[in-house]
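No value in this document is a laboratory result; all are computed from the given coordinates. Everything numeric in this text was worked out from a predicted model, so none of it was measured. Cβ sites come from the backbone with ideal geometry, for glycine too, and all protein chains shown count toward neighbours.
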Amino acid sequence: METVKCLIIGGGPAGYTAAIYASRADLAPVVYEGIQPGGQLTTTTDIENYPGFENGISGQGLMDTMKAQAVRLGADIRTGAITEADLSERPFKLVIDGEKEVYAETLIIATGATAKYLGLPSEIKYRGLGVSACATCDGFFYRKKTVAVVGGGDTACEEATYLAGLCKKVYMIVRRDVLRASEAMQERVRNTENIEILWNCNTQEVLGDEYGVTGARLLRKDGEVFDIAVDGFFLAIGHHPNSELFNKWVAVDKEGYIVTDGKTAKTNVEGVFAAGDVQDPLYRQAITAAASGCRAALDAEKFLKMQ
């Protein structure tokens with residue numbers, strides 16, 4: 001049986017930053033990276049809004065750099081995914097890949113959130129080559145170009161209006177004849193001249209070539225099939241927090257995001273902390289995830305000192 005002071009679940013910016021801070025606090029952190037080491041950023045091409053990289057950096061490059069820093073400071077970073085958890089008492093029991101048991105005096109959950117996609121093969125093919133689930137992350141690359149945003153809720157309206165400030169034209173692909181967004185967000189969309197809403201439409205296929213996305217094939221409710229020419233295709237149909245394994249013990253909101261106490265990373269379970277997109281339905285940025293990873297490690301250090 002292995003018992004560790006600080007176990008971190010997740011290998012994205014929140015998990016790696018938590019590992020950096022926990023290492024410097026002599027907590028000897030062990031990190032299990034999960035099924036997608038590096039998290040969602042590994043599906044992003046260039047990142048130009050993360051401080052410290054004047055000329056930008058690739059998503060994979062940023063995650064590799066964070067991981068290397070954590071390892072240099074002493075973090076034990078391992079491959080493997082948590083498949084079972086028992087947070088009923090300390091030390092907490094976690095099972096890795098259905099086999100190995102690890103017990104943790106403190107636990108930092110940094111399992112992230114998964115963007116919802118339509119499930120089209122072409123969508124997967126062009127992910128990172130014009131298909132994106134983050135306008136704030138990737139919108140800059142489509143300045144003066146034409147893009148499409150899929151969705152009709154507040155997130156889609158926010159993404160569309162943000163992109164409208166950068167792009168020549170923004171199509172909103174909405175499967176119903178109304179928007180689900182709040183009236184304020186609908187009004188903002190209606191007052192933005194370069195946004196065009198395509199009502200009652202579903203995406204059949206993302207079109208592209210060897211260089212990336214070139215358009216989308218849409219099916220209207222009346223049976224009409226037509227193509228639009230776009231340079232970028234943005235999904236704004238929501239995110240799914242990866243919290244299912246822990247929500248038997250840890251409080252979550254109605255969407256499944258882990259609830260933390262005020263400005264801290266504390267959950268309702270003493271000794272369990274949450275960081276990154278698994279507890280952030282609002283910002284979902286690499287830098288905010290990293291900041292919450294810092295908070296989680298500092299909170300874990302303080303908790304252990306008080307025991």
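List of remarks:
- Label-to-label distance, nm, for residues given as Thr114 and Arg217 (7 Å Cα→Cβ offset): 2.7 nm
- Relative packing of peptides 232-238, 112-118 - highest average C-beta neighbours within 10 Å first: 232-238, 112-118
- On the basis of the beta-carbon distance and an R0 of 41 Å, Ala229 and Arg72 show a calculated FRET efficiency of 0.30.
- Segments 174-184, 15-25 sorted - mean Cβ within 10 Å per residue, highest first: 15-25, 174-184
- Mean shadow area of the chain over all directions, Cα convex hull, nm²: 16.9 nm²
- Amide N proximity, region 225-259 versus Asp154 label position 7 Å along Cα-to-Cβ, cut-off under 15 Å: 237-239, 253-257
- Normalised by the number of residues in the chain, the average gap of Cα pairs under 8 Å and 6 or more apart makes the relative contact order 21 percent.
- Which of Val71, Ile82, Ala164, positive extreme of dipole for the chain (C-beta unit charges): Ala164
- Angle between the chain longest axis and helix 286-305 axis [Cα atoms, degrees, rounded to 10]: 20 degrees
- Relative contact order (%) - criterion: Cα under 8 Å, at least six apart; region: region 187-307: 13 percent
- Where labels lie 7 Å past Cα in the beta-carbon direction, separation of Ile287 and Lys168 in nm: 3.0 nm
- Only helices enter this figure: runs of n ≥ 4 DSSP H residues, each worth -39500 (n - 2.57), summed and divided by the residues of the chain, yield -7000 deg cm²/dmol at 222 nm to the nearest 500.
- Karplus-derived HN-Hα couplings along region 115-126 (A = 6.51, B = -1.76, C = 1.60, θ = phi - 60°), whole Hz, x at Gly and Pro: 5, 7, 10, 6, x, 8, x, 5, 5, 5, 4, 9
- Ala28 paired with Glu270, simple spin-label distance in nm, labels 7 Å along Cα-to-beta-carbon: 2.4 nm
- Amide hydrogen proximity for Glu196: with H placed 1.01 Å from N in the peptide plane, the residues at 5 or more positions away or on another chain lying under 5 Å are Val170, Tyr171, Met172.
- With contacts taken as Cα pairs under 8 Å and at least 6 residues apart, region 91-245 reaches a relative contact order of 28 percent.
- Listed residue pairs exceeding 31 Å between alpha carbons, taken from Lys169/Lys254; Lys100/Lys263; Lys100/Lys248: Lys169/Lys254; Lys100/Lys263
- Each Lys and Arg Cβ is given +1 and each Asp and Glu Cβ -1; about its Cα centre, region 117-235 then shows a dipole of about 80 debye.
- For the pair Asp177 and Asn49, a Förster radius of 30 Å applied to the C-beta separation gives a FRET efficiency near 0.25, rounded to the nearest 0.05.
- Given charges at beta-carbon only (K, R positive; D, E negative), |dipole| of the chain in Debye: 380 debye
- Relative to the dominant Cα principal axis of the chain, helix 13-24 is inclined by about 20°.
- Global geometry of region 117-235, whether rounded, prolate or oblate, following the gyration tensor of its Cα atoms and the 1.5 cut on a/c: oblate
- Förster radius 35 Å - calculated FRET efficiency between Ser58 and Thr3, Cβ distance, rounded to 0.05: 0.40
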